[in-house]
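No lab work stands behind these numbers, since they all come straight from the coordinates. As the structure is a prediction and not an experimental result, all values here were calculated from the model. When we count neighbours, we look across all protein chains shown, and the Cβ atoms used for this are built from the backbone with ideal geometry, even at glycine.
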Amino acid sequence: MVTFTVANALTVLRLVLTPFFVAAFILSLQKTAFVLFCVAGFTDLIDGSVARLLNQRSKGGAILDPLADKLLMQSCFALLAFEGLVPLWFFLLAFARDATIVSGIIYLERKKADLPYSPILVSKIATLVQLAVAILGLLLWWKPHLSPAGIPLQDLLVWTVFAASVFIIASGFQYVRIGFELLRRNAARREHRLP
């Protein structure tokens, strides 16, 4: 059960905005899609900080937040890949990492393992860089001739995709390592409890 808090309300807002963003993208409402994604992405950046500042951390929110984040990001990457704005392999890489994390959480929950429900540093960086990929990709779709600081958007996007890929892989391996460690601790705790 997800309790109502300001942080969880921001997460729910992100969930609500995601289908509207997808619809705007499909309808080629470029400015609308860009604004909707930026608002949704902003809620992702601040909801964790709001939860900490207001002391509103909850297990339900800790589960719902990454799910909302992954739904938004994977929807965006799928659409950008379909338009040829990001490589298909990048979408598949990000999707595989997120699917692995979600599957791992479900499996560990069933095994009654004690989950920390807090993102690791490399994962936070991966999220930030993926947000940058999404925003640059949407900008390239909307205003392809922009050249911030004289650098073509396409070039910025290529380098950001590369950086995001590195952090996606690093965080994926880190989460798998943590998952196996939690399973090991859980098994050791059960053996210790046996008479």
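Every condition in (1) within 17 Å of the chain's Cα centre (by Cα); (2) in a loop (DSSP other than H, G, I, E, B) holds for Leu85 except the one numbered (1).
If the condition is being assigned to a helix (DSSP H, G or I), farther than 30 Å from Ser118 by Cβ and not charged (D, E, K, R), then segment 143-195 contributes Pro148, Ala149, Gly150, Leu153, Gln154, Leu156, Leu157, Val158.
Residue-level analysis places Ala188 outside the set of residues that are crowded, with 19+ Cβ neighbours inside 10 Å and either in contact (Cβ under 8 Å) with a residue 40 or more places away in the chain or over 19 Å from the mean Cα position of the chain (by Cα) (or both). Every test in (1) buried (at least 17 other Cβ atoms within 10 Å of the Cβ); (2) within 18 Å of Gln74 (Cβ to Cβ); (3) out of contact with any Ser or Thr (no Cβ under 6 Å at 6 or more places or on another chain); (4) not aromatic (Phe, Trp, Tyr) is passed by Ala7 save one, and that test is (2).
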